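Pasting a structure below so you can have a look.
The values are calculated or read from the model by the stated rules, or taken from the named source; none is laboratory data. Small disclaimer: the values here were computed from a predicted structure and weren't measured. No Cβ is skipped: glycine too gets one built from the backbone with ideal geometry, and neighbour counts run over all protein chains shown. Surface accessibility is based on the protein's heavy atoms, side chains included, excluding ligands, DNA and RNA. Shrake-Rupley method; radii C 1.70, N 1.55, O 1.52, S 1.80 Å.
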Amino acid sequence: MAASPLPTATGPLPLQAPPPRSHFRPPPPAVPGPCRPRARGRAEALGGGVVGAGAPSSRAAAQAPPPPPHPEASAPPPLGPRPRLARALTCPGGARGSLLGSRSRAGDRHGDARVCPEAALAPASGVRATLPACALEMLCAARGGGAVRFALLARGGGAGHALGPTPAPGRFPLRRLLQQAPLPAAPPAVGRWLLACSGAVAGAVVLGGVTRLTESGLSMVDWHLVKEMKPPRTQQEWEAEFQKYQQFPEFKILNHDMTLTEFKFIWYMEYSHRMWGRIVGLAYILPATYFWRKGWLSRPMKGCVLALCGLVCFQGLLGWYMVKSGLEEKPDSYDIPRVSQYRLAAHLGSALILYSASLWTGLSLLLPRHKLPETHQLIRLRQYAHGTTALIFLTALSGAFVAGLDAGLVYNSFPKMGERWIPDDLLAFSPILKNIFENPTTVQFDHRILGIASVTAVTALYLFSRKIPLPRRARMAVTSLLAVACLQVGLGISTLLLYVPTPLAATHQSGSLALLSMALWFMSELRRVPK
């Protein structure tokens, strides 16, 4: 239908055709204040202005010359299906930016949209879009305060919409911003489960240390995953179990005068350790299956959980591999039958890794990260804390060689070893490297040096942390670390001087786990906040 002229006082005035869609009209001036609802009306693309207070009249709009074409818009883009916004952005006042589509040049119709007047978007492909000013301020801050150009994600391959006088095709800062957003955190139940699993692993380590100190680890001479879960009940079953034990070197060399009652005690010690290990395995596998089926685990968390479950199964197999080394016949050796110190260290080391990984993951899920300023001193403190934790782990691992070789029963004096600071038989074995792992004197000497180095490093870490403003929880962690380190040194010296009593030695072994826990807690408090 042809356009009819408008009647005026001086005569009919021809009505000019609306400018093409590709012509750009700058957004209205920013109005301070919160987001306000926008009235219903025809699309601004047809008239170019917002109808309301301060808007130009229809006569002035008709007399005004058309704006110059946009330098990058050579032809009007074809109209296409209305794209839909992938996600909504919300203003502080509760208003939401909405994507308004136009179906045709004549008869454009908007729905009810609550928009911010200071956040109008220029149409780039026949679609009018608005965003709240709060989202624009966030994006401006993310871009460093420069000109903000971003694209709204649309379904079905719809065209984006550029903000500002010059669109930037092909650049998607908003998409990158959404991709860099942190994944949704797992429910707190997952973090509490991992902390409970780390406590179960700690109990297994302590019980294993007591089993080693009471020399009960070789009382069960076979291994079955399900069959051995039922202990002997009748007298005949106990006698049959005792006869199997009498065929191995520990009874022939060390316990040849053991009675059935004494055998029951060491058997139950080893049985308790093995059953506790099975409970630990179920504590990992069953809840992990439940959380997996419920969809509470993200993709990175699924990999972590699979690694933990695989490690706990490997830990059980490694335990039996360690026990087998003490059941082997050694005709040329008259030493007390014991498990290999290498396999014992591997068994303890894998348990410490399992414990540390579970504790670290649980703390990461439950404790919020502190927004600490990334200063040079904080970076050095974080690196120093990592090195101290590694030194504590190495000291605890060297304790496995002390236990495997009964190295605590030699040179029961401190600080000197006998009458010397460095004993004469420190390098008695050949080659020299063999002394580090097989010479009881060298093993005890190394454990002493590592223990002194650990407490020195913890003390220096504490003093260095006092120079940096840290949150209250981080202060508590580093103070607890220093207290447990001093207590652990006192327990170690007392255990050595009193000729390794079982209760005190078991407490010293438990103290190594407590010290490692405090170090991991302090490291968790110094984690970086993701950008």
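Among the residues of the range 391-423, which ones are in a loop (DSSP other than H, G, I, E, B) and either among the basic types (Lys, Arg) or out of contact with any strand residue (DSSP E or B) (no Cβ under 9 Å at 6 or more places or on another chain) (or both)?
Hits for the range 391-423 are 405, 406, 412, 413, 414, 415, 416, 418, 419, 421, 422.
Take the conditions surrounded by fewer than 16 Cβ atoms within 10 Å (Cβ to Cβ), assigned to a helix (DSSP H, G or I) and either at pLDDT below 95 or under 16 Å from the mean Cα position of the chain (by Cα) (or both) and apply them to residue 377. Does it pass?
For residue 377, the condition - surrounded by fewer than 16 Cβ atoms within 10 Å (Cβ to Cβ), assigned to a helix (DSSP H, G or I) and either at pLDDT below 95 or under 16 Å from the mean Cα position of the chain (by Cα) (or both) - is met.
Do you know which residues across the range 474-496 are within 27 Å of residue 445 (Cβ to Cβ) and polar (S, T, N, Q)?
Selection gives 488, 494, 495.
In the range 430-471, how many residues are within 24 Å of residue 396 (Cβ to Cβ) and touching an Asp or Glu at 6+ places or on another chain (Cβ under 8 Å)?
Matching residues across the range 430-471 total 4.
Among 482, 461, 450, which is the only one that is part of a helix (DSSP H, G or I), touching a residue at least 60 places away in the same chain (Cβ under 8 Å) and surrounded by 15 or more Cβ atoms within 10 Å (Cβ to Cβ)?
Within the list 482, 461, 450, the selection yields 461.
I've got another one for you. Only one of (1) open to solvent by less than 40 Å² (accessible area, probe 1.4 Å); (2) among the small types (Gly, Ala, Ser); (3) within 20 Å of the chain's Cα centre (by Cα) is not met by residue 390, so which one is it?
(1)
Give 404, 387 a once-over and let me know the one that is under 28 Å from residue 338 (Cα atoms) and of a type outside the set (Val, Ile, Thr).
Testing whether each residue is under 28 Å from residue 338 (Cα atoms) and of a type outside the set (Val, Ile, Thr) leaves just 404.
Among the candidates 397, 391, which residue alone is of a type outside the set (Ser, Thr, Tyr) and touching a Gly at 6+ places or on another chain (Cβ under 6 Å)?
Answer to the selection: 397.
Which ones in the range 312-338 are part of a helix (DSSP H, G or I) and open to solvent by less than 40 Å² (accessible area, probe 1.4 Å)?
Answer for the range 312-338, where residues must be part of a helix (DSSP H, G or I) and open to solvent by less than 40 Å² (accessible area, probe 1.4 Å): 312, 315, 316, 318, 319, 322, 323, 325, 326.
Here's something else I'd like to know. Could you pull out the residue among 423, 431, 501 that is over 27 Å from residue 200 (Cβ atoms) and open to solvent by 30 Å² or more (accessible area, probe 1.4 Å)?
Sole residue among the options that is over 27 Å from residue 200 (Cβ atoms) and open to solvent by 30 Å² or more (accessible area, probe 1.4 Å): 431.
Sticking with this one: So, in the range 248-263, exactly how many residues are surrounded by 14 or more Cβ atoms within 10 Å (Cβ to Cβ) and either among the charged types (D, E, K, R) or in a helix (DSSP H, G or I) (or both)?
Going through the range 248-263 one residue at a time, the tally reaches 6.
In the range 202-247, how many residues are in a loop (DSSP other than H, G, I, E, B), over 15 Å from residue 319 (Cα atoms) and open to solvent by less than 50 Å² (accessible area, probe 1.4 Å)?
Number satisfying all stated conditions: 3.
Turning to a different aspect of this structure: Kindly indicate whether any position in the range 340-349 is of a type outside the set (D, E, K, R), over 18 Å from residue 216 (Cβ atoms), open to solvent by 60 Å² or more (accessible area, probe 1.4 Å) and in a helix (DSSP H, G or I).
Yes - at least one qualifying residue is present in the range 340-349.
Somewhere in the range 404-412, is a residue touching a residue at least 12 places away in the same chain (Cβ under 8 Å), surrounded by 19 or more Cβ atoms within 10 Å (Cβ to Cβ) and under 21 Å from the mean Cα position of the chain (by Cα)?
Within the range 404-412, not a single residue is touching a residue at least 12 places away in the same chain (Cβ under 8 Å), surrounded by 19 or more Cβ atoms within 10 Å (Cβ to Cβ) and under 21 Å from the mean Cα position of the chain (by Cα).
So in the range 264-296, with the set limited to residues that are open to solvent by less than 90 Å² (accessible area, probe 1.4 Å) and basic (Lys, Arg), which one is nearest to the chain's Cα centre (by Cα)?
Looking at residues that are open to solvent by less than 90 Å² (accessible area, probe 1.4 Å) and basic (Lys, Arg), I get 278.
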